[in-house]
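Report on one structure; see the data block that follows.
The values are calculated or read from the model by the stated rules, or taken from the named source; none is laboratory data. Given the structure is predicted, the values throughout are model-derived calculations rather than measurements. Counting neighbours? That spans all protein chains shown, and the Cβs are built from the backbone with ideal geometry, glycine included. For the accessible areas, the whole protein counts, side chains as well, though only heavy atoms, and no ligand, DNA or RNA atoms are used. Shrake-Rupley method; radii C 1.70, N 1.55, O 1.52, S 1.80 Å.
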Amino acid sequence: MSKFTLLLCVIIFASCEAKKKYTTTKITQSEQPANSAFEQLVDSLRIAYRIPGISIGISINDSIHLIRGFGMANIEEEIPMTGYTPLRIASLTKPIFSTILMQLVEEKKIDLNWKIKEYYPDYVRSCERTLEYFNDEMPEYSVLLDQYRPERDDILLKHHFSHTADNIPGSDYKYNGFLFGMLSDVVENVTKLTFDKWVDSLVIKKLNLKHSASSQLDKSKKLVLDKIALPYAIDADGYIERSEFPYLPLNAGAGLVFSAKDILIFDQAFNNNMVISSESKEKVLKPFELADNNLSPYGYGWFIQKYKGLTLVWHYGL
């Protein structure tokens with residue numbers, strides 16, 4: 001099978017005082033000039049969309065061909081973005097969580113055919129409370145749970161893992177980061193170790209990642225987190241202003257801090273069966289088969305789709 005592996009993460013970051021605003025002219029220069037037509041294109045898009053900083057990495061056949069940054073990770077202190085800048089990688093956490101969960105499956109600590117409510121205390125009530133909160137305070141997020149039936153007896157871990165837990169489990173694909181995130185609670189309840197400890201031991205330390213942290217709450221990674229790219233937004237008047245980081249704690253769906261370089265190191269280890277076995281890798285990279293025998297566009301923690309004879313294995317972070 002021809003496989004093209006892509007971990008895609010374009011994140012808008014910069015830094016300034018909370019009330020200080022910058023015009024787009026503040027971000028039109030990268031410290032290092034673009035050296036190729038591709039780099040010039042990337043930087044031109046960054047400028048056109050008023051993105052303070054972008055970090056990119058390209059690996060071909062597990063050989064890193066490009067790792068660099070454009071623009072600033074911190075506008076106020078004029079710290080440039082590089083390929084080693086730590087970033088909040090959002091839902092790119094999911095493929096990395098996938099390897100951790102599969103390692104625990106290999107060790108027979110977890111079974112994907114377990115009923116989630118049997119391994120997650122207060123699971124049903126937790127879902128009900130969250131939906132009540134969404135309906136009252138954040139109705140735009142109610143869609144995450146309005147078709148979910150936590151009281152059902154046939155919702156298995158694999159349904160959360162494959163985004164098929166809504167309505168009748170296993171019948172339809174519906175991407176749901178909230179339900180996916182519950183899997184880290186299962187890991188913690190079953191193993192009696194916090195999920196961030198598993199991230200550290202099974203990924204960050206195992207692969208000797210120098211520019212990563214299990215979350216922004218990881219006090220042992222102060223030197224890494226001190227270099228994290230800071231978040232920015234564009235206000236209604238078109239000015240760039242400092243914004244806030246999203247929810248800080250880590251779960252199965254989001255929260256990891258990785259550099260572009262470390263993502264490529266992880267990808268290389270994944271490709272070469274260094275983090276999970278070839279058998280487990282085959283399982284996570286297999287599109288989930290729905291109840292009607294159609295294939296979902298998602299496997300276990302990865303999108304799996306066909307394009308012009310290639311199998312695209314990818315994910316995004318938002």
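Give me log10 I(q)/I(0) at q = 0.08, 0.09 Å⁻¹ for the chain, Debye formula, one equal scatterer per alpha-carbon, no solvent. Summing over Cα pairs of the chain leads to -0.39, -0.49. Between ILE60, ILE240, ILE89, which gets the highest mean-square fluctuation from a Gaussian network model of the chain, Cα cutoff 10 Å? Highest fluctuation of the listed residues: ILE60.
Packing around the peptides 120-132, 292-304, taken as the average count of other Cβ atoms within 10 Å per residue, puts them in this order, highest first: 292-304, 120-132. Shape class for region 53-129, computed from the alpha carbon gyration tensor (a ≥ b ≥ c): oblate, with a/c not under 1.5 and a/b at or below b/c. Of the residues ALA48, ALA213, ALA90, the one that moves most in a GNM of the chain with alpha-carbon contacts below 10 Å is ALA48. Rounded to 0.05, the FRET efficiency of the LEU223 and ARG152 pair, given R0 = 51 Å and the Cβ-Cβ distance, is 0.65. Return the tail of the calculated pair distribution for region 230-305, meaning the percent of Cα-Cα pairs more than 20 Å apart. Percentage above 20 Å: 57.
On the chain, 53 percent of the accessible area sits on carbon and sulfur atoms, based on a 1.4 Å probe. Using the Cβ-Cβ distance between ASN113 and LEU248 with R0 set to 45 Å, the FRET efficiency from 1/(1 + (r/R0)^6) comes to roughly 0.85.
With the convex hull drawn around the C-alpha atoms of region 205-269, the volume per residue stands at 119 Å³. The shape of region 75-176 comes out oblate: with a ≥ b ≥ c from the C-alpha gyration tensor, a/c is at least 1.5 while a/b does not beat b/c. TRP314 sits with roughly 70 Å² accessible to a 1.4 Å probe, with DNA, RNA and ligands left out of the calculation. Would you work out if region 130-246 is rounded, prolate or oblate? Take a ≥ b ≥ c from the square roots of the eigenvalues of the alpha-carbon gyration tensor; rounded if a/c is under 1.5, else prolate when a/b is larger than b/c, oblate otherwise. Note, shape of region 130-246 comes out oblate.
When the Gaussian network model of the chain links Cα atoms closer than 10 Å, the mean-square fluctuations of ASP196, ASP262, ASP154 top out at ASP154. Spatial offset of region 67-117 relative to region 183-224 amounts to 10 Å, using the alpha carbon center of each. Label zone of LEU193 (point 7 Å out along Cα→Cβ, amide N under 17 Å): in region 254-282 this covers 275-277. LYS227: which aspartates and glutamates have alpha carbons under 18 Å from its alpha carbon, excluding same-chain residues fewer than 8 sequence positions away? Leaving aside aspartates and glutamates fewer than 8 places away in the same chain, those within reach of LYS227 are GLU17, GLU31, GLU76, GLU77, GLU78, ASP218, GLU244, ASP262.
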